[in-house]
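Visitor: My structure is below; once you've seen it, I'll send some questions.
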Amino acid sequence: MAGPKPRIITLAKREGQGYGFYLRVEHGEEGHLIRALEMGGVAELASLKDGDRIIRVNGTFVDSLEHSQVADLVRKSGMSVALHVLGEEAYKTAKANGVTLADPQSLSGHSQPTMNGVSAPAAKAKLCYLPKTSSGFGFSLKSIKGTQGIFMTDVVFGGTADQAGVKLSDRIVEINSENVENLSHDQTVQKVKAAGDKLMLLLVDEDTDKFFKSKSIRPSMADATVRYLPHKPRIADMTKRADGYGFVLKEDTKLAGHYIGEIDKGSPAERAGLKNMDRLVAVNGQEIDNCRHKQVVEKISQQGNKCSLLVLDAETEKMYKLGGVSPLLYWEEMRGSPPSYPAHEAEAIPAPVVPAPADVDHNPKLCRLEKTAAGFGFHLNGIHGVNGQYIKEVVKGGAADRAGLEDDDIVVEVNGVNVEMSTHEEVVNLIRKSGDTLVLLVAERTAYEHLKAQGIAITPQLLNKEPSADVPAPAYAQDDEKKYTESDNERPATPPAQTRSRSSSSSSSSSSSSSSSSSASDASEDDKL
């Protein structure tokens, strides 16, 4: 079973500034805890939460280290530090299930790295699949005196390696899921020869290699992009009709796993691209390999009228198995885009006993949000460098929820400025500059697609409303992704009232707080960072 997904957060501070949190170990609590976040401090703005557990510091696994060792790693990191963290619930669940947190392969991948809460371009290793041709694989290997590692050279233009995404000077990390970083040149050549007619290579280019080494991170599958692989899993986004999705979930006694079968012609399953004998890997991003048949059926049923299935055909599955690659990596890379549930499915002819739906409301929504102490109460999602932004994770009862925003609403205007062709960074910047009042013109996905298909411009005039005249349209500037939702219980006062005693801690560059503990058994360690 896949483990939890750690968040990768890089904190950067100025000279004389702290990171704005206490690192604690507490009696009765496992792990190195984030506590007493400073309101508006570096850590709080980066979306660290009270109770988060630090798993790695600059790539070093720290869950098994002493408190003082972890605090020293953070202090000695200089003006920036890269943290892998897990939320309190995810950490405790992983511990209860015996997940080996030290093993990156046991985790379900990493979230998008951030710098002080702003999305940072992820340094990615790459997976390249090379089927051998009559001309070979189309590359040679070289080693450099005084430099550890084996590197790609003589990559033939248009050859197998070139077409697979291999570049000159890429360093080999793994061959067919086996790490070869410590092998000699001759041993690596023998591994290639022994692989036969198919190679799955995990590679890092020069810049990515430098990044991983600077953070003492050993590249693994969990850090890789699958975009170069020729055969891809498929994500089937479906909207249920009155007679269901139109397929049968089967178990094959000769094959492990859950398979798609008996697809009805013209059904949501057929239109979403499902094929007979596709193997089902995940339901709405949740891996189901270790689930029983009834559990998988229940998971699909629990999704309501819409669900997204991740499936593999036989050829894709063979390729992924060769490299020991989890298909969930594909989901992770693709989920930046909201599920594109087909509009026509919602309008499909139901069973005769069900009356035809009334006219669908294709109007946009003009939502005015008044910022609270917990923020605006939503996330803005998008694919880095791609136009088009949408709403996610609307906090129940928050400002966005009260204003009528819903998950997957597409953002059309921010404070009267059309942002359909704006980058994610530009839209984030507009929201940041809006102050305490934010006016969003949004459209539900099917409404957006309908209006675009009709060539109708989406403006407030469709509602016979105008945005408030006192809402400014801020100037554009380059910035990056920020999380817009916080809940009150995640933003403690600074510092919060201490419910547990603290033993004295060693001093740090920014003053450390300490107090005597009531008893040795209640002792905790606490460092301000």
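The values are calculated or read from the model by the stated rules, or taken from the named source; none is laboratory data. Everything quoted here is computed from the prediction, not taken from an experiment. All Cβ positions, glycine included, derive from the backbone under ideal geometry; neighbour counts span all protein chains shown. The accessibility values were calculated without ligands, DNA or RNA, using every heavy atom of the protein model including side chains. Shrake-Rupley method; radii C 1.70, N 1.55, O 1.52, S 1.80 Å.
Visitor: Run the numbers on the range 283-335 and let me know its relative contact order in percent, using alpha-carbon pairs under 8 Å that are six or more apart. Intermediate values should be presented prior to the final figure.
Guide: Details: 21 pairs, mean separation 23.0, N = 53.
Once normalised by length, the contact order is 43 percent.
Visitor: Subtract the Cα-Cα distance of E406 and Q295 from 0.36 nm times their separation in residues, and report this length gain in nm to one decimal.
Guide: On the way: separation 111, 0.36 × 111 = 39.96 nm, distance 2.86 nm.
My answer for the length gained is 37.1 nm.
Visitor: Kindly rank 436-443, 72-79 from highest to lowest mean number of other beta carbons found within 10 Å of each residue.
Guide: Numbers: 436-443: 21.1, 72-79: 14.8.
Packing proxy ranking, top to bottom: 436-443, 72-79.
Visitor: With an 8 Å Cα cut-off and a minimum separation of 6 or more residues, compute the relative contact order for the range 234-315 in percent.
Guide: Details: 146 pairs, mean separation 29.5, N = 82.
Reported relative contact order: 36 percent.
Visitor: With a cap of 16 neighbouring Cβ atoms within 10 Å, and only residues DSSP puts in a loop, list the chymotrypsin sites (Phe, Trp or Tyr not before Pro) found in the range 126-164.
Guide: On the way: sites: Y129, F137, F139, F151, F157; in loops: F137, F139, F157.
Sparse-neighbourhood loop chymotrypsin sites (Phe, Trp or Tyr not before Pro): F157.
Visitor: Take the residue pairs K193/K213; K92/K254; K240/K371; K126/K250 and return only those whose Cα atoms are more than 32 Å apart.
Guide: Values: K193/K213 29 Å; K92/K254 37 Å; K240/K371 36 Å; K126/K250 34 Å.
Violating the 32 Å Cα-Cα cut-off are K92/K254; K240/K371; K126/K250.
Visitor: Further, regarding this structure: Within 10 Å of each candidate Cβ there may be at most 15 other Cβ atoms; applying that plus a DSSP loop requirement, which trypsin sites (Lys or Arg not before Pro) in the range 138-206 survive?
Guide: Details: sites: K142, K145, K167, R171, K191, K193, K198; in loops: K145, K167.
Answer in residue order: K145, K167.
Visitor: Now for a different question. From largest accessible area down, sort T225, T100; use a 1.4 Å probe on the protein chains. Please report the intermediate quantities before stating the final value.
Guide: On the way: T225 10, T100 80 Å².
Ranked from most to least accessible, the order is T100, T225.
Visitor: In nm, what is the difference between 0.36 nm times the number of residues separating Q303 and Y228 and their Cα-Cα distance? Mind dumping the intermediate values first?
Guide: On the way: separation 75, 0.36 × 75 = 27.00 nm, distance 3.14 nm.
Answer, rounded to one decimal: 23.9 nm.
Visitor: Would you please name the GluC sites (Glu not before Pro) within the range 1-79 that are DSSP coil residues with at most 12 other C-beta atoms within 10 Å of their C-beta? Walk me through the intermediate numbers first.
Guide: Values: sites: E15, E26, E29, E30, E38, E44, E66; in loops: E15, E26, E29, E30, E38, E66.
Filter output for the range 1-79: E15, E30, E66.
Visitor: I would also like to ask the following. Could you calculate the FRET efficiency of R218 with A242 from 1/(1 + (r/R0)^6), where r is the beta carbon distance between them and R0 is 41 Å, rounded to 0.05?
Guide: Between R218 and A242 the formula returns 0.20.
Visitor: Provide the per-residue ³J(HN,Hα) series for the range 266-281, in order, calculated from phi with Karplus coefficients 6.51, -1.76, 1.60 and θ = phi - 60°, each as a whole number of Hz, with x at glycine and proline positions.
Guide: So the Karplus estimates, Gly and Pro as x, are x, 7, x, 5, 5, 5, 7, x, 5, 10, 4, 6, 5, 8, 7, 9 Hz.
Visitor: Then there is this: Using the heavy atoms of the protein chains alone and a 1.4 angstrom probe, what is the accessible area of the range 260-305 per residue in square angstrom? Walk me through the numbers on the way to the answer.
Guide: Working: 2560 Å² over 46 residues.
Heavy-atom SASA per residue in the range 260-305 reads 56 Å².
Visitor: Which percent of Cα pairs goes in each bin when the distances of the range 126-223 are cut into 5 angstrom slices starting at zero?
Guide: For the range 126-223, the binned pair fractions read 2, 14, 25, 28, 19, 9, 3, 0, 0 percent.
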